[in-house]
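The values are calculated or read from the model by the stated rules, or taken from the named source; none is laboratory data. Since this is a predicted model, take the numbers as computed values, not measurements. Positions of Cβ are backbone-derived with ideal geometry, glycine not excepted, and every protein chain shown enters the neighbour counts. Ligands, DNA and RNA are excluded from the accessible area calculation, which covers all protein heavy atoms including side chains. Shrake-Rupley method; radii C 1.70, N 1.55, O 1.52, S 1.80 Å.
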Amino acid sequence: MKEIINHLKDFGFVFQGSEIYGGLANTWDYGHLGVVLKNKIKLAWWDFFIKNNQYNIGLDSSILLNSKVWKASGHLDSFNDPLIDCKECKFRFRADSLIQHYFPDLNCDGWSVEKLDTFITEKQLKCLNCQKFNFTKVRQFQLMFEINQGLLQDQGNKLYLRPETAQGIFINLNNIKKAYNKKLPFGIGQIGKSFRNEITPGNFIFRTLEFEQMELEFFYSPEDKTNWFQYWLAEMTKFIESLGIAKDSYQLREHDKEELSHYSLGTTDVQYQFPFGTKELCGIANRGSFDLVKHSEASKTKFLVEDRTTNKPVMPLVVEPSMGIERLFLAIICENLVQEEIESKKRIVLKLNPLLAPYHVAVASLNKKKLGPKAQEVFELLAKSCIDVFFEQKSEIGKVYNYHDQIGTLYCVTVDYQTLEDSKVTVRNRDTMNQERVEINSLKKYLYDKLNIIF
Ligand code: ATP
């Protein structure tokens, strides 16, 4: 993990949040390459789940919702984590994480507060900070951040930063159904920030206070016999694999009954083998009619949608494939940042999938003064297209290749002295390191073919 974190910092993907003030635990900032990678993950999700799917449409709902939403959805009463405080040094831990620190092979997901408490007491687990054994009892801790609306702190309206994007979708169901004349089955997806007051042992961007989710709420009729849960689970794994995560790097885990979230009738996690353990990457939940029933009761709104087969209006059931961008980001980096040894020379390469590479091409020249203008021409030729191209100022070509291998650039195009005579450039492939001479006139077509971009 240390090497991965350093790599992402050194190359400007991810920085520690508020670093010059000593940091703020579990917050991270994204530099240019990090933003580009996140945007490409989001675009890939949008294309896969919304644009190229016959059933689904998109939404961008508010982060701040009327607090009645969170009361009705059950988040105010049931969305919490089991925490324990060290009475000696005042450090606070998630009780399950503390146990897992001492017993990494033990899975205590879904244990009750009492069971966690008894285990910690019986085994006399010590505080990870001061090494003493003097804890409070395990307590449930509300995960939603509270804020105040209005001028006066104590007379304001209490609001919550959303802990999931899903509720914004449920409460807009009738608007969307009417505006887009939707009949079941159909899905509504959105990408947006969520916030959770998490207490965590670190693990970099895996679990943060503020993160982005890509969620799809898929609505279908109770009479529809299609197994939509299996359908979307298969789609979700297909999507992950399309981003360059190998089949044998992840596994599926079904939740036990006692660990299900308050809204779920069944949940399956996709777990990824992170360097710090096999952990949830994303998940799919069978939310049944829980949310719509609760909002229907609390807001006195009917949520009836026509089934496109029977034309009968029914209260839909819901399955929800949900994923966090940061966890996908981390898994993609863990999967693709590799060290290779070729002819006893080491090189580090970020073998990002072409869909995600921050740059498709970097254009460089062997001599800034003499060949720079020609390189500029080549850059401009490629820049006005759907190729993501970077103009490289450095002219030490070994260093150029080394840098672009480490940030994942797919091809380096080099202008050399020969170019001035034969109008050809050298194109070097990141993964094979093969080099080819290509005519400038056909360079764009050559790259389109290689990148498989439809234009
Ligand atoms: P965990 O058990 O790891 O806390 P969860 O089951 O509570 O996760 P969900 O509520 O199912 O997570 O959220 C859907 C997805 O959102 C997760 O699979 C994960 O990718 C992402 N996610 C949830 N919480 C966080 C967080 N604090 N930081 C980053 N990503 C998160």
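Structure values in brief
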read-out: Residue in segment 112-124 that is touching a residue at least 40 places away in the same chain (Cβ under 8 Å) and open to solvent by 20 Å² or more (accessible area, probe 1.4 Å) present; value: yes
read-out: Selection count, segment 323-340, where residues are open to solvent by less than 50 Å² (accessible area, probe 1.4 Å) and of a type in the set (S, T, N, Q); value: 1
read-out: Only one of Thr165, Thr136, Thr237 that is within 15 Å of the chain's Cα centre (by Cα) and free of Cβ contacts under 8 Å to residues at least 60 places away in the same chain; value: Thr237
read-out: Conditions (1) in contact with a helix residue (DSSP H, G or I) (Cβ under 7 Å, 6 or more places away or on another chain); (2) open to solvent by less than 50 Å² (accessible area, probe 1.4 Å); (3) free of Cβ contacts under 8 Å to residues at least 60 places away in the same chain; number of the one not met by Ile397; value: (1)
read-out: Search result, residues across segment 90-108 that are in a helix (DSSP H, G or I) and among the polar types (S, T, N, Q); value: Ser97, Gln100
read-out: Restricting segment 284-308 to residues that are surrounded by fewer than 17 Cβ atoms within 10 Å (Cβ to Cβ) and among the hydrophobic types (A, V, I, L, M, F, W, C), the residue that is nearest to Val319 (Cα to Cα); value: Val293
read-out: Filtered residues of segment 209-227 (kept if in contact (Cβ under 8 Å) with a residue 12 or more places away in the chain and open to solvent by 10 Å² or more (accessible area, probe 1.4 Å)); value: Leu209, Glu210, Phe211, Glu212, Gln213, Tyr220, Pro222, Glu223, Asp224, Thr226
read-out: Qualifying residues in segment 184-210 (those that are part of a helix (DSSP H, G or I) and either at pLDDT 95 or above or touching a strand residue (DSSP E or B) at 6+ places or on another chain (Cβ under 7 Å) (or both)) - the one farthest from Leu8 (Cα to Cα); value: Phe206
read-out: Every residue from segment 125-183 that is modelled with pLDDT of 90 or more, assigned to a loop (DSSP other than H, G, I, E, B) and within 23 Å of Ala72 (Cβ to Cβ); value: Met144, Phe145, Arg162, Pro163, Glu164, Thr165, Ile171, Asn172, Lys182
read-out: Residue, nearest to Ile50 (Cα to Cα), within segment 178-208, restricted to residues that are over 25 Å from the mean Cα position of the chain (by Cα) and crowded, with 21+ Cβ neighbours inside 10 Å; value: Pro185
read-out: Count - residues of segment 72-89 that are under 25 Å from the mean Cα position of the chain (by Cα) and basic (Lys, Arg); value: 0
read-out: In segment 228-276, residue least open to solvent (accessible area, probe 1.4 Å) [restricted to those that are at pLDDT below 90 and part of a helix (DSSP H, G or I)]; value: Glu259
read-out: Filter result (in a loop (DSSP other than H, G, I, E, B) and free of Cβ contacts under 8 Å to residues at least 24 places away in the same chain) within segment 339-361; value: Glu343, Ser344
read-out: Some residue of segment 395-408 being within 30 Å of Ile41 (Cβ to Cβ) and not in a helix (DSSP H, G or I); value: yes
read-out: Residue list for segment 362-389, restricted to those being in a loop (DSSP other than H, G, I, E, B) and crowded, with 17+ Cβ neighbours inside 10 Å; value: Leu366, Ile387, Asp388
read-out: Residue match in segment 142-161 (condition: more than 16 Å from the ligand (Cβ to nearest atom) and closer than 20 Å to Asp60 by Cα); value: yes
read-out: Within segment 279-311, tally of residues that are within 28 Å of Ala234 (Cβ to Cβ) and either among the aliphatic types (A, V, I, L, M) or more than 16 Å from the ligand (Cβ to nearest atom) (or both); value: 13
read-out: Matching residues, segment 37-86, being of a type in the set (A, V, I, L, M, F, W, C), in contact with a Phe, Trp or Tyr (Cβ under 8 Å, 6 or more places away or on another chain) and part of a helix (DSSP H, G or I); value: Leu37, Ile41, Ala44, Trp45, Phe48, Phe49, Trp70, Leu76
read-out: Residue check for Leu98: out of contact with any His (no Cβ under 7 Å at 6 or more places or on another chain) and touching a residue at least 60 places away in the same chain (Cβ under 8 Å); value: no
read-out: Check on Glu320, charged (D, E, K, R), in contact (Cβ under 8 Å) with a residue 24 or more places away in the chain and open to solvent by less than 30 Å² (accessible area, probe 1.4 Å); value: yes
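Quick grid of which residues meet (1) more than 16 Å from the ligand (Cβ to nearest atom); (2) more than 26 Å from Phe239 (Cα to Cα); (3) surrounded by fewer than 16 Cβ atoms within 10 Å (Cβ to Cβ); (4) not aromatic (Phe, Trp, Tyr):
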| site | (1), (2), (3), (4) |
| --- | --- |
| Lys2 | yes, yes, yes, yes |
| Ile20 | yes, yes, yes, yes |
| Asn26 | no, yes, no, yes |
| Gly34 | no, no, no, yes |
| Lys40 | yes, no, no, yes |
| Phe49 | no, no, no, no |
| Gln54 | yes, no, yes, yes |
| Asp60 | yes, no, yes, yes |
